[in-house]
Amino acid sequence: MAKDPVCGMTVDEGKAPAKSEYNGKTYYFCSNHCKAEFDKDPAKFVKEDTGHTSHNNHCC
């Protein structure tokens, strides 16, 4: 299972309605809308893995 980087929803890679590649990694989306938002500015949704987690960014 993958996590939609836009909305945070869990997505089955085999059934995901949309996907994009960015910096050599494939991202899966729950909808074409989330994919379109990601494609506008991928860096906004992809954070470098620093080993720290943040609880300040919530979607809903």
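The values are calculated or read from the model by the stated rules, or taken from the named source; none is laboratory data. Nothing here was measured: the structure is a model prediction, and the numbers come from that model. With ideal geometry, Cβ positions are generated from the backbone for all residues, glycine too; neighbour counts draw on all protein chains shown.
Residues are listed down the side, and each one gets a yes or a no for (1) charged (D, E, K, R); (2) modelled with pLDDT under 95:
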{"residue": "VAL6", "(1), (2)": "no, no"}
{"residue": "THR10", "(1), (2)": "no, no"}
{"residue": "THR26", "(1), (2)": "no, no"}
{"residue": "SER31", "(1), (2)": "no, no"}
{"residue": "GLU37", "(1), (2)": "yes, no"}
{"residue": "ASP41", "(1), (2)": "yes, no"}
{"residue": "VAL46", "(1), (2)": "no, yes"}
{"residue": "CYS60", "(1), (2)": "no, yes"}
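For the range 17-47, a residue qualifies if it is touching a helix residue (DSSP H, G or I) at 6+ places or on another chain (Cβ under 9 Å) and either among the β-branched types (Val, Ile, Thr) or assigned to a loop (DSSP other than H, G, I, E, B) (or both), and the qualifying residues are PRO17, ASN23, VAL46. Considering the conditions (1) free of Cβ contacts under 8 Å to residues at least 24 places away in the same chain; (2) surrounded by 16 or more Cβ atoms within 10 Å (Cβ to Cβ), ASN32 is excluded by exactly one of them, (2).
Considering the range 3-16 alone, what residues qualify as being on the phi < 0 side of the Ramachandran plot and either part of a loop (DSSP other than H, G, I, E, B) or among the aliphatic types (A, V, I, L, M) (or both)? Can you show your working first?
Just the residues of the range 3-16 that are on the phi < 0 side of the Ramachandran plot, to begin with: 3-7, 9-16.
ASP4, PRO5, VAL6, CYS7, MET9, VAL11, ASP12, GLU13, GLY14, LYS15, ALA16, listed by residue number.
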